[in-house]
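For reference, the structure discussed in these notes is given below.
Just so it is clear, none of the values below were taken in a lab; they were calculated from the coordinates. Since this is a predicted model, take the numbers as computed values, not measurements. Reconstructed Cβ throughout: ideal geometry from the backbone, glycine too, with neighbour counts over all protein chains shown.
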Amino acid sequence: MNARPAANLDSAQVVGHFINGADVADDNRLQPVTNPATGQVTRQVAMASRSTVEQAIAAAEAAFPAWRNTPPLKRARVMFRFKQLLEEHAEEIAEAITDEHGKVLDDAMGEFQRGVEVVEYACGIPELLKGEYTRNVGPDIDSWSDHQPLGVVAGITPFNFPAMVPMWMYPMAIACGNTFVLKPSEKDPSAPMICARLLKEAGLPDGVFNLVNGDKEAVDTLLTDSRIKAVSFVGSTPVAEYIYSTGTSHGKRVQALGGAKNHAIVMPDADIDNAVSALMGAAYGSCGERCMAISVAVCVGDDTADQVVSQFKERVAAMNVGNGRDTGNDMGPLVTEAHHEKVRSYVDLGVEEGADLVIDGRDLVVEGHQNGFFLGPCLFDRVTRDMRIYQEEIFGPVLCLVRAESEEEAMGLIDEHEYGNGTCIFTRDGEAARYFADNIKAGMVGINIPLPVPVAFHSFGGWKRSLFGDLYAYGPDSVRFYTLRKTITQRWPSGGVREQARFTFPSYQ
Ligand code: NAD
């Protein structure tokens, strides 16, 4: 499949920055990147200094005037070529994701594909940017509304979707005529760097897309530099809140998507077999490191809960956990040793808090991968709302089961939770499903769908402390986020009429 020369970074021990179409080193501060399946350090990533980030912003600012004036159809053609190149390099990108994030290869390919779908949406930019026009809003007066790009915009992204989440941002931002600075996660930097090189190969002018690796120093530079007009962020809630408050106080438009604790309700009338299949994938896929992962199953009725627990026990025993590169594995390792420790300590905490650990993945050993960051699937039964394992985002393969007596009680749990990203209900009762969809306090709702991630031509976003800002990611909202509206009203008098000064507010009477 990968017939083209690889765009990958095999020969590069250090992943640096990509500024103005070229590699930039800035190796003063390096951080190791590990393969979580083996625990081995595979390369280093450079942490950009303030001056390197400023260099990227300057390149983006210099590229803006010409790119802003490039016809949308030409911008779309770059996106078409980029999509083609992405597909030619699909395996290479998926392998980079697996080697640094740990998720199994099929899952990496799935993430990649969902990112490509946003590029496909961006290919339609001439249609999406078409404004509104009204002839004769008054005598000899026409009016139209236009979407104009903002200027230099920035994206700051998390580790868990190193290819897809950046693609939620830069294809639409660039297609709208902006120039871009991406600060991806330092934990798995290779996939976004491969994509940066493919954008150049697709014909994107130098400086339109720039990538800086780094940490808080790089992020703070982006948040405070007056040349950055907007910031898109995806990551944990405390950082999202910081990004939102700092960015907006520096006069920027900000959308900051945060963490989650997604609940699934299992009603007594649900198809339990299928609900358990769906829950297993949603709880343990990508080792639970998804913002749309189901981390709480609320079973209505003890009988429902008992059936779900017994099926989980049986089916988890048949799951394959191992290196994401090996076919046949369902789940890989957690991303880093530190994250592994954190998730494991939550499992210990749940036991201390009195939840019933009916599936304990702590003792899992993956043969030949003793240094990998593996944790087996865990299931807690009889979790209650006062427990920290219920309240906090764990971001690992840990599912909490809460027992409720009615749909109302189950919905109350979701409504009162601080997060409101995704949720779903398993039922055969259309009335219950409709009531749930209409009233539940969450941004993305599934009916017998465990991961209701909106497709590229809708928009993605949560409620409550899962999103700071007003506009969602990708889809139609991204045109609104990455552009300024301008409404032009023009008059070309039919001739000969002498104008008198008018001191009343202009109205058409
Ligand atoms: P994170 O918040 O630790 O990091 C996200 C980005 O912010 C990274 O680029 C990181 O370098 C930077 N960063 C981290 N700490 C910072 C600080 N103190 N100041 C400035 N920048 C900082 O998130 P993560 O661990 O990489 O990703 C997992 C989190 O992302 C989870 O909470 C998950 O729910 C969330 N997430 C949310 C969505 C969504 O759409 N709502 C999607 C994916 C992931």
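Go ahead and run the numbers for FRET between D429 and F505, Cβ-Cβ distance against an R0 of 41 Å, rounding to 0.05.
0.15
Can you pull a Stokes-Einstein diffusion coefficient for segment 262-447 at 20 °C (1.002 mPa s), Rh from Kirkwood over Cα pairs, as a whole number of µm²/s?
In µm²/s, the coefficient is 130.
Using Cα atoms only, what is the angle between the long axis of helix 190-201 and the major principal axis of the chain, expressed in degrees (0 to 90) to the nearest 10?
That helix lies at roughly 30 degrees to the long axis.
Report, for the chain, the % of DSSP beta bridges that are antiparallel, rounded to 5.
Around 40 percent of the beta bridges assigned by DSSP in the chain are antiparallel ones.
Apply 1/(1 + (r/R0)^6) to the Cβ-Cβ distance of R388 and M319, taking R0 = 35 Å, and write down the FRET efficiency to the nearest 0.05.
0.85
Roughly how tilted is helix 164-175, in degrees to the nearest 10 and between 0 and 90, from the longest Cα axis of the chain?
Long axis of 164-175 versus the principal axis of the chain: about 10 degrees.
When only Cα pairs under 8 Å and 6 or more residues apart are kept, what is the percent relative contact order across segment 262-447?
Once normalised by length, the contact order is 29 percent.
Taking 0.36 nm per residue of separation and subtracting the Cα-Cα distance, what length does fully extending E337 through Y133 add?
67.8 nm
What is the chain's relative contact order, in percent, from Cα pairs under 8 angstrom and six or more apart in sequence?
Relative contact order of the chain: 18 percent.
Stretched out fully, how many nm does the piece from H458 to S406 gain, at 0.36 nm a residue minus the Cα gap?
Between H458 and S406, full extension yields 15.5 nm more.
Kindly state, as a whole number, the per residue volume in cubic angstrom of the convex hull around the alpha carbon atoms of the chain.
174 Å³
Students often forget the sequence filter, so: which aspartates and glutamates lie under 19 Å Cα-Cα from K229 once same-chain residues fewer than 8 apart are removed?
Qualifying aspartates and glutamates at Cα under 19 Å: E54, E61, D146, E217, D220, E241, D470, D477.
Run the simple label-point estimate for E352 and Q113 please: 7 Å along Cα→C-beta, distance reported in nm.
Between E352 and Q113, the label points sit 4.3 nm apart.
For each pair in K103/K441; K216/K252; K187/K342; K83/K200, compute the distance between the two Cα atoms and list the pairs where it is over 21 Å.
From the list (K103/K441; K216/K252; K187/K342; K83/K200), the Cα-Cα distance tops 21 Å for K103/K441.
Starting from the Cα of T487, step 7 Å along the direction of its Cβ; do the same at R227; then give the gap between the two resulting points in nm.
The two pseudo-label positions are separated by 3.4 nm.
Mind checking the angle between helix 337-353 and the chain's longest principal axis? C-alpha axes, 0 to 90 degrees, to the nearest 10.
Computed tilt is about 60 degrees.
Run through all the Cα pairs of segment 137-219 and give the fraction in each 5 Å bin from 0, expressed as whole percent.
3, 14, 23, 21, 14, 7, 4, 4, 3, 3, 2, 1, 0
Stretched out fully, how many nm does the piece from T70 to Q84 gain, at 0.36 nm a residue minus the Cα gap?
Between T70 and Q84, full extension yields an extra 2.9 nm.
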